[in-house]
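*Asks:* Okay, handing you the structure first.
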Amino acid sequence: MIDLQRIEREVLRPELLVAFEAVVAVVGSDVFYQAFSRALRQEVPVDRLYVFDGRQKSQALQQLMHETEPEKPLVEDATYAGQFLPDDPIQGAIDAAKGEGAIVRLKIQPTDISNASYRDLMQRSQVIERVSFVRKHGAGWRCMNVIRREPSRSFSGDELAALGGLYRLLTPLIDRHRELVGEVVKDRIELLEDLEERFGLLFPALTRRERQVCARAASGVSIEGAALDLGVATSSVLTYRKRAYQRLGVTSAYELARLVLR
């Protein structure tokens, strides 16, 4: 049975803070993700652990980390995002993960999966339970999945509480780690290039500069930031944005983003 709960707050036990400090100590190093996995597994034994970001329901996901023992992941990222994610009960958690700070917890069994191929895959892999923690992250959401397989037992209430605390403490460290190792800059460039391409495909009447300005506005970049990014004056950015808004029939960056992020 699907169990979906919104967690506004949880009690952070002292041992969870010790686990947090151990991971903080290696942020920016090449052992960060191993330390993350070890800290979590020492508190709550899991058979599989995944952390990933998504910008919208049906778009490709960005896998941040996965730790599986002893085999490879159940399914490749692209296959999951394209074939299984749209029918995954996690969509309910994504919809519920609105508002800053709140975490949504989803607990399911393979029989709760409507997609027959994905359900069969989980059953063949002897999955008995998957728990997902989801929260708003930037313009999208961040999820941590933990899985137990036979002969393990289902997660207890205390273990679920500990996992929620660890999710709240540890996953924000990923952003700082990625900043320190230079991954975030690359992701931003890729996001802007992706948005520019979408605007070009959906609205071919836009000029190249208009596409560039729209991509930055849709991703939350300020007028001044777009000007610095593109090497033009802020007045030019305003002109390109005004022309693009008129062509597209929108009046705000929010409406603009909905055109390409729905």
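The values are calculated or read from the model by the stated rules, or taken from the named source; none is laboratory data. Quantities reported herein were computed from a predicted structural model and do not represent experimental measurements. No Cβ is skipped: glycine too gets one built from the backbone with ideal geometry, and neighbour counts run over all protein chains shown.
*Asks:* I'm checking my understanding of the structure. Among residues of the range 144-167 that are assigned to a helix (DSSP H, G or I) and without any contact (Cβ under 8 Å) to a residue 24 or more places away in the chain, which one is nearest to L12 (Cα to Cα)?
*Replies:* D158
*Asks:* When you look at R178, is it over 18 Å from E255 (Cα atoms) and surrounded by fewer than 21 Cβ atoms within 10 Å (Cβ to Cβ), yes or no? Step through it out loud before you land on a result.
*Replies:* On the way: over 18 Å from E255 (Cα atoms): yes; surrounded by fewer than 21 Cβ atoms within 10 Å (Cβ to Cβ): yes.
Taking the combined requirement at face value, the residue satisfies it.
*Asks:* Sticking with this structure for a sec: Mind listing just one residue for me: the one in the range 242-262 that is of a type in the set (A, V, I, L, M, F, W, C) and in a helix (DSSP H, G or I) and, of those, farthest from C214 (Cα to Cα)?
*Replies:* L261
*Asks:* While we're looking at this one, here's another question. I need the strands (runs of 3 or more DSSP E) fully contained in the range 21-110, keeping only those with at least 2 residues that are in contact with a Pro (Cβ under 7 Å, 6 or more places away or on another chain) and modelled with pLDDT under 90.
*Replies:* Values: elements: 48-54, 62-68, 103-108.
In the range 21-110, no matching strands (runs of 3 or more DSSP E) lie anywhere.
*Asks:* So, one more: May I ask you to list the residues in the range 242-262 that are under 17 Å from I223 (Cβ atoms) and of a type in the set (V, I, T)?
*Replies:* Within the range 242-262, V250, T251 qualify.
*Asks:* Going by the structure shown, is L170 touching a residue at least 60 places away in the same chain (Cβ under 8 Å) and assigned to a helix (DSSP H, G or I)?
*Replies:* Yes, satisfied.
*Asks:* Could we say that E197 is of a type in the set (D, E, K, R), surrounded by fewer than 20 Cβ atoms within 10 Å (Cβ to Cβ), more than 17 Å from the chain's Cα centre (by Cα) and not assigned by TED's automatic domain parsing to the domain that holds V127 here?
*Replies:* So E197 passes the test.
*Asks:* Here is a further query. Which of the residues spanning the range 111-142 are surrounded by fewer than 22 Cβ atoms within 10 Å (Cβ to Cβ), within 18 Å of V46 (Cα to Cα) and within 22 Å of the chain's Cα centre (by Cα)?
*Replies:* Of everything in the range 111-142, just one residue is surrounded by fewer than 22 Cβ atoms within 10 Å (Cβ to Cβ), within 18 Å of V46 (Cα to Cα) and within 22 Å of the chain's Cα centre (by Cα), namely E129.
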